[in-house]
């Protein structure tokens with residue numbers, strides 16, 4: 001029987017070379033970039049599927065009404081580099097068919113994010129920790145809005161009654177595979193370019209008398225910690241777990257084929273190599289079968305980061321009135337309705353009044369210039385430091401810079417072959433290190449991410465949710481006290 005003790009390097013953030021450099025990480029192994037892409041491509045030719053995705057960087061995009069400029073260096077640094085690895089002669093007149101054995105995407109880590117599905121959230125205030133129940137099985141940092149179906153429907157119109165804060169829906173439990181982009185010599189692109197596939201683990205409806213589908217996932221992942229080494233049995237067990245998310249699904253879903261696409265929530269990129277600044281983008285599997293740009297979760301467009309702008313103050317004012325909801329889980333939609341904003345009706349031609357105008361908020365990209373370690377979101381109309389910190393940390397910019405004390409804006413760094421990926425202090429610190437708030441220098445925060453992930457994951461496989469809340473709070477405060485006294 002497995003111990004209650006969680007072994008993070010075997011259960012939560014797996015970077016051991018016996019895994020990431022194993023044969024399973026080489027095409028067509030289940031941890032390889034080529035395997036993931038082939039499963040997503042379905043009936044399409046996988047090479048064309050990937051080239052369609054990479055080609056997005058070469059053209060100007062408009063996402064949620066916001067312009068995303070091209071980063072044409074993708075061709076020289078990724079596409080043509082891959083062609084050279086394949087030995088392709090561009091002057092031959094033949095069409096290039098990418099060889100996934102030479103794909104310039106090296107596995108960095110496999111990450112278990114079942115903790116996102118915990119129904120609790122840690123709230124850090126006044127040097128201590130409180131654990132609060134969320135209104136849905138999501139809402140913690142690192143969570144994201146999930147779709148109503150496996151495929152993301154492209155809907156340019158704002159949904160009716162769309163509110164700023166609401167519970168998140170769908171399967172929150174995730175498995176993630178992280179890759180670093182390399183050149184034809186096997187060297188990581190500088191100053192880094194990483195790609196993360198984020199899959200929502202299927203949680204089918206339970207039949208009468210059954211319970212614990214999420215518990216089943218948690219127990220299976222926790223068993224990984226019981227292996228003495230990253231041996232063949234460990235690798236086989238881990239592969240069976242990842243393929244629940246990465247492979248095409250056989251469950252029948254109304255309106256979709258019997259063999260459904262993998263439940264990809266997002267494909268995210270963190271690119272410092274293709275142009276000025278470090279750019280974050282997000283993609284989803286669209287109804288046309290391709291990866292398409294999508295608004296960044298909880299990351300307002302650049303104009304909202306300008307503290308002098310009217311839109312920044314407007315957004316900050318709304319959030320100022322909802323600090324409790326911010327702490328227990330919130331979701332910023334791509335478009336906020338005019339009614340939720342409290343905007344006034346406006347006069348249209350003919351003297352009649354129209355509905356209050358809606359506001360597009362989430363951007364199609366986010367950029368940190370100069371690896372600015374203090375980059376974050378703030379607004380003069382949001383005066384609560386903890387609410388501001390929580391909102392900003394859930395954005396791409398705040399998470400990779402000012403709100404996590406991350407100096408190089410990367411949490412899982414690209415690596416050379418034979419070397420493990422380096423992780424940021426945000427993902428590894430167990431000592432509750434303190435750092436100053438980038439906006440309010442008299443306020444300090446603590447690095448609590450890894451202890452939180454451990455305890456929230458543990459709350460899932462212990463399966464005694466009615467008892468867990470109080471014990472989680474006691475454990476976290478005891479851990480904080482013990483570490484700080486050393």
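Computed from the coordinates by the stated procedures, all read-outs in this text should not be read as laboratory data. The model shown is predicted, which means the values in this text are computed figures rather than measured ones. Every residue, glycine as well, gets a Cβ built from its backbone with ideal geometry; the counts of neighbours run over all protein chains shown.
Legend: calculated FRET efficiency, residue 130 to residue 372, from the Cβ-Cβ distance at R0 = 41 Å, rounded to 0.05, equals 0.85. With 0.36 nm allotted per residue and the present C-alpha distance subtracted, the residue 184-residue 48 stretch has 47.0 nm of extension available. Rounded to 0.05, the FRET efficiency of the residue 220 and residue 16 pair, given R0 = 25 Å and the Cβ-Cβ distance, is 0.85. With just the Cα atoms defining each centre, how far is the range 80-96 from the range 116-131? Give it in Å. With the range 80-96 and the range 116-131 each reduced to a Cα centre, they are spaced 52 Å.
With the simple model of a label 7 Å out from the Cα in the direction of the Cβ, residue 84 to residue 313 spans 5.2 nm.
Label sites at residue 5 and residue 99, each approximated as a point 7 angstrom past Cα along Cα to Cβ, lie 4.7 nm apart.
Fewest neighbouring Cβ atoms within 10 Å first, the residues 411, 445 line up as 445, 411. Relative to the globular-protein estimate of 2.2 N^0.38 Å, the Cα radius of gyration of the range 1-126 stands at 1.43. Among 81-88, 263-270, sorting by the average number of other beta carbon atoms lying within 10 angstrom of each residue, highest first, gives 263-270, 81-88. Using the average count of surrounding beta-carbon atoms within 10 Å as a protection proxy, the listed peptides 291-303, 364-376 rank, highest first, as 291-303, 364-376. Full extension of the segment from residue 75 to residue 248, taken as 0.36 nm per residue of separation minus the current Cα-Cα distance, would add 59.3 nm. Taking every C-alpha pair closer than 8 Å and separated by at least 6 residues, the mean separation divided by the residue count of the range 362-428 gives a relative contact order of 28 percent. Take the Cα of residue 240, step 7 Å toward its Cβ, do the same at residue 431, and the gap between the two points is 4.0 nm.
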